[in-house]
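> Structure in structure tokens, see below.
What follows is calculated from the coordinates using simple rules that are stated; it is not laboratory data. Remember, predicted model here, so these are calculated numbers, not experimental data. Using ideal geometry, Cβ is built from the backbone for each residue, glycine included, and neighbour counts are taken over all protein chains shown.
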Amino acid sequence: MAQFRQCPDTGLFFHKEAENLMKANAVAGVVCLLIGGILALLVVLTRWPAIHLLPADSFYMVLTAHGVCALIFWMIFFEMAILYFAGSTLLRSRLATPRWAWAGFVMMVIGAVMTLAAIFGGKSSVMMTSYVPMRAEPHFYLGLVIFAVGALIGCFVYLGTLVVAKNEKTYEGSVPLVTFGATTACIIAIFTIASGAEILIPTYLWSIGYISHIDPAMYRLIWWALGHSSQQINVAAHVAVWYLIAGVIFGARPMSEKVSRAAYLLYIFFLQLASAHHLLTDPGLSVEWKLFNTSYAMYLAVLASMIHGLTVPGAIEVAQRKKGLTNGAFEWLRKAPWGNPVFSSMFISLVGFGFLGGISGVVMGTEQISIIIHNTIYVPGHFHATVVIGTTMAWMGLTYLLIPVLFRRKMIFPQAAKLQPYIFALGMSMVAVFHMAAGTLGVARRHWDMGFAGNPLGFEYPATAYLLMGIAGIGGVIGVIGGALFCVIAVGSLVFGEKLQKEAGLLQSFGVPLADSAYTNEKPARLPMAPAEAVEADHGESGFEAPGTFILAMVLLVSFVIYYFINWKYLSEVWGIS
Amino acid sequence: MADENNTDEREEDENISPWQQMIDNPFLLLFIGVAMPTVFYTLWGVMEIASIPVAPY
């Protein structure tokens, strides 16, 4: 018999098995973030030219572990927690096959430990991309495969939960938008993991000598279906988190649910094709393939992101205006709860993802411009804007929301928690912006020594490049401080936070079930379909329902156009036209 | 009783447009979401790389 408890503060229903899995996955994710963050500090202090902390071999080992921990393990563990939350809690459904879900979780833990053991063994410093013919230890690839299979099981448990919820009629009408977004993330994850298996299983066989040769071009093609699509899972999931937080904090409803769902549909159709922008400078692939997969199809996925970027703040603005915050274009934003880390993390995630990550991503995805920034430190600048400011900050906001709701603990250090999103965002924005600037001057990514000391083909960068890398280093340290603060608050709250429910003991914070007394065998009432919006007085201005959001969207558009042409100007300086 | 349930279900279905019912099917979406990149990114790309002539020794 399924057991449920209802959160007294939010009214959300938690299925016992799903709840424990959410906790276990979220905690495992935060542990990976902690490891990734410590490694990030070592990377930052080495790439900061004035400090140059680690020797070369340690640097490449640490950079490999940082990439794998922060970009794969932290993200996917947390996404599993989101899938179980969206499938079970939001649909008021029991979780399908919890034992399989636990098996998947255990496989993910084993895979993560195995891969990290291979990296810290010192003979698998092949970067996260592990391009052949560089060869890592066999258990590096095997660990990733086991981790991926575990995640795949989690995805199918989620799909099974959707079937259970539909068959048991736990909700009316269509699934909520947030669950639809999680389904999009799950679909992208399945393609991503399948691509990972396609390339990592042969690579594992190659590493143990069963296959003699793997074609590097073929490897890059298939690997990026894994490497980039894995970041698209993040995009679909963090957009779902934006909608969730906007709904919880403001009672905001999407400006048009149909349009938001259509935007998710564009993600399902086109988002994964954007992997091609990693191969824009590769020989062997035709212009037609590159143009279709980036310009023609990727822009439809970009359109979807722009729709979400418009409708989420638009929904917040409409909700705020209904509460009477109608003075000028931005009273709704000025009087938003900036001291609430759930909101501030989410809104910074939205703005940072759009302005820094989105604009730079589209610019990089242009074949001609890609030539001048490919393989430079511009690329890490871009993806620290999307994955760290965009996704990680959305996850942080969700964590702050869930500490009392899911873990039943009061958050410790509330004053520090108010500041944490701003510290983290400041540091990571500096990393993103100054790395992009240094990349524009040609500074290579991944390289231990930007000066190429002792190299016969050394290159002398202008002094500005060293200055930019130094400022990025300062930003990185600030970002690590912000990230460490998050880990202290999140983990500290689970251990030392005041109990909001007597059953919420220490072990219960880490996935051990609450006592049976916390649950009832009564099935939750069916989730009603959201009522149609009542037609109310117009709270907007000048004929716009959300004028402030419209202005912000125009600022984004103008920024994008200006930045796009600046990069064409840079390109024209590479090859003078006479 | 069973008839009442069926009537409720029918009424509920009538409230949801066919288009919405289609995109409510996660397995159809899964098929599209896997088929699109498999065809346009992976298979097309693999064919192009596989058709590159091998350089003479």
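> If I model a spin label at residue A:544 and residue A:452 as a point 7 Å from the Cα along the Cα→Cβ vector, what separation in nanometres do I get?
Here the modelled spin labels are 4.9 nm apart.
> Now for a separate question. Can you give the angle from 0 to 90° between the axis of helix A:257-270 and the longest principal axis of chain A, with both taken from C-alpha atoms, to the nearest 10?
Compared with the principal axis, the helix lies near 30 degrees.
> Further question: How would you classify the range A:13-250 from its alpha-carbon gyration tensor, with a ≥ b ≥ c the square roots of the eigenvalues: rounded for a/c under 1.5, else prolate if a/b is greater than b/c, otherwise oblate? Mind dumping the intermediate values first?
On the way: a/c = 2.23, a/b = 1.66, b/c = 1.34.
It is prolate, given that a/c is not under 1.5 and a/b is the larger ratio.
> Provide the per-residue ³J(HN,Hα) series for the range B:22-37, in order, calculated from phi with Karplus coefficients 6.51, -1.76, 1.60 and θ = phi - 60°, each as a whole number of Hz, with x at glycine and proline positions.
Result, ordered by residue: 5, 7, 7, 8, x, 7, 5, 4, 4, 4, 4, x, 8, 5, 4, x Hz.
> Same structure, new question: How large is ³J(HN,Hα) for each residue in the range A:490-497, as worked out from phi by the Karplus curve 6.51 cos²θ - 1.76 cosθ + 1.60 (θ = phi - 60°), to whole Hz, x for Gly and Pro?
So the J values, rounded to whole Hz, are 5, 5, x, 5, 5, 8, 10, x.
> With each pseudo-label sitting 7 Å past Cα toward Cβ, what's the residue A:258-residue A:558 distance in nm, one decimal?
Spacing of the two 7 Å Cα→Cβ label points: 3.3 nm.
> What dipole magnitude, in Debye to the nearest 20, does the range A:13-250 give about its Cα centre under +1 on Lys/Arg Cβ and -1 on Asp/Glu Cβ? All intermediate terms of the calculation are to be shown ahead of the outcome.
Working: 11 positive and 9 negative charges, 48 e Å.
Approximately 240 debye in magnitude.
> Under the rule of at least 5 residues apart or a separate chain, name every residue whose amide H is placed under 5 Å from the amide H of residue A:171.
A:527
> If I take R0 = 25 Å and measure r between the Cβ atoms of residue A:156 and residue A:120 in this structure, what FRET efficiency does the formula 1/(1 + (r/R0)^6) give, to the nearest 0.05? Walk me through the numbers before you get to the answer.
On the way: r = 31 Å, r/R0 = 1.26.
It comes out at approximately 0.20.
> Same structure, new question: Applying the Karplus parametrisation 6.51 cos²θ - 1.76 cosθ + 1.60 with θ = phi - 60° to the phi angles of the range A:213-225, what ³J(HN,Hα) value in whole Hz is obtained for each residue in order, glycine and proline being reported as x?
Taking θ as phi minus 60°, the curve returns 8, 10, 5, x, 5, 5, 4, 4, 4, 6, 4, 6, 5 Hz for the range A:213-225.
> Would you work out if the protein assembly as shown is rounded, prolate or oblate? Take a ≥ b ≥ c from the square roots of the eigenvalues of the alpha-carbon gyration tensor; rounded if a/c is under 1.5, else prolate when a/b is larger than b/c, oblate otherwise. Walk me through the intermediate numbers first.
Numbers: a/c = 1.44, a/b = 1.35, b/c = 1.06.
The shape class here is rounded.
> May I pose another question? Please give the length that would be gained between residue A:99 and residue A:375 if that part of the chain were fully extended, namely 0.36 nm times their separation in residues minus their C-alpha to C-alpha distance (nm, one decimal). Can you show the working numbers first?
Numbers: separation 276, 0.36 × 276 = 99.36 nm, distance 4.31 nm.
Additional length available on full extension: 95.0 nm.
> Still on this model: Would you list A:206, A:332, A:100 from fewest to most Cβ contacts within 10 Å?
Working: A:206 19, A:332 27, A:100 15.
Listed from fewest to most nearby Cβ atoms, that is A:100, A:206, A:332.
> Follow-up question, since we're still on this one. Fully extended, how many nm does the chain gain between residue A:288 and residue A:459 (0.36 nm per residue separation, minus their Cα-Cα distance)? Mind dumping the intermediate values first?
On the way: separation 171, 0.36 × 171 = 61.56 nm, distance 3.46 nm.
Fully extending the segment from residue A:288 to residue A:459 adds 58.1 nm.
> Shifting gears a bit: By how many degrees, 0 to 90 and rounded to 10, does the Cα axis of helix A:16-47 deviate from the longest principal axis of chain A?
In chain A, helix A:16-47 runs at an angle near 30 degrees to the longest axis.
> Also, quick follow-up: Quick one: A:69, A:487, fewest Cβ neighbours within 10 Å first, how do they rank?
Details: A:69 26, A:487 15.
Placing the least packed residue first, the sequence is A:487, A:69.
> Roughly speaking, what is the stretch gain from residue A:467 to residue A:213, that is 0.36 nm per residue apart minus the C-alpha to C-alpha distance, in nm to one decimal?
Working: separation 254, 0.36 × 254 = 91.44 nm, distance 4.27 nm.
The residue A:467-residue A:213 span can extend by a further 87.2 nm.
> For residue A:95, what residues show an amide H to amide H distance below 5 Å, using hydrogens built from the backbone and excluding near sequence neighbours?
A:18
> Taking the Cα atoms only, what angle lies between the long axis of helix A:547-574 and the longest principal axis of chain A, rounded to 10 degrees?
Once rounded, one gets 10 degrees.
> Next question, about the same structure. Suppose every K and R has +1 on its Cβ and every D and E has -1 on its Cβ; what is the size of the dipole of the protein assembly as shown about the Cα centre, in Debye to the nearest 20?
On the way: 33 positive and 38 negative charges, 301 e Å.
Its charge dipole is roughly 1440 debye.
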